[in-house]
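Report on the following structure.
The values are calculated or read from the model by the stated rules, or taken from the named source; none is laboratory data. Quantities reported herein were computed from a predicted structural model and do not represent experimental measurements. Cβ atoms come from the backbone with ideal geometry, glycine included; neighbour counts cover every protein chain shown.
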Amino acid sequence: MSAGIKPLDRSIQLTMEWLNEIQEEFKWPDKDRVYDATKAVLLATRDRITVEEAHQFAAQIPMVMKGMFFDRYDPTDKPMLIRNKDKFLEHVRMHFGDRPLDSENAVRTVAKVLRKKISQGQYEDVVGSMPKEIQKLYLE
């Protein structure tokens, strides 16, 4: 299906490529679940980094994913002062909804693909702005 608008079609295609790669890493057959898990990780990441860093990160992801990333974004009081891994993983689960999710696996899986897709410097800036305990989720 085409929107008939080249930049939008290209963003949809690129977003699907990223989500398909994430799906391959998850080994999940349900594309909706992959989308929801990816969005949960993106939102939790966004909430934990500065507003400036969030915008710099978003500049490197497809336009459709920017919509996922900034969905219901309120920059007030950002970054959230989540300092430990368990609280961060709980924040990821909160964005996923009521269904069960191994949020640690979700962060590691989405991070693995993001690490390949965005510039190394930007990835290091995003991860480096988080506490060491949370950084480990993005680096292993």
- Task: Please specify each residue of the stretch 65-117 satisfying the condition of being β-branched (Val, Ile, Thr) and closer than 16 Å to Ile49 by Cα.
- Result: Thr76, Ile82, Val92, Val107
- Message: Among the numbered criteria (1) modelled with pLDDT under 95; (2) loosely packed, with under 14 Cβ neighbours inside 10 Å; (3) more than 16 Å from the chain's Cα centre (by Cα), which one does Asp86 miss?
- Response: (1)
- Note on the structure: Filtering the stretch 67-107 for residues that are touching a helix residue (DSSP H, G or I) at 6+ places or on another chain (Cβ under 6 Å) and assigned to a helix (DSSP H, G or I) leaves a count of 14
- Query: Only one of Val64, Val51, Val34 is free of Cβ contacts under 8 Å to residues at least 60 places away in the same chain, among the β-branched types (Val, Ile, Thr) and within 19 Å of Glu104 (Cβ to Cβ); which?
  - Reply: Val34
- Residue hits (the stretch 108-123; surrounded by 14 or more Cβ atoms within 10 Å (Cβ to Cβ) and either basic (Lys, Arg) or in a helix (DSSP H, G or I) (or both)) are Arg108, Thr109, Val110, Ala111, Lys112, Val113, Leu114, Arg115, Lys117, Gln122, Tyr123
- Item | So Val64, is it β-branched (Val, Ile, Thr), within 21 Å of Leu137 (Cα to Cα) and buried (at least 16 other Cβ atoms within 10 Å of the Cβ) | no
- Please determine, by comparing only the residues of the stretch 128-140 that are in a helix (DSSP H, G or I) and over 12 Å from the mean Cα position of the chain (by Cα), which one is nearest to Glu52 (Cα to Cα). Gly128
- Task: Considering (1) in a helix (DSSP H, G or I); (2) on the phi > 0 side of the Ramachandran plot, say which one Pro7 fails and leave the rest.
- Result: (2)
- Query: Applying the selection to the stretch 19-54, what residues are buried (at least 19 other Cβ atoms within 10 Å of the Cβ), of a type outside the set (D, E, K, R) and closer than 22 Å to Tyr73 by Cα?
  - Reply: Leu19, Val34, Ala37, Thr38, Ala40, Val41, Leu42, Leu43, Ala44, Thr45, Ile49, Ala54
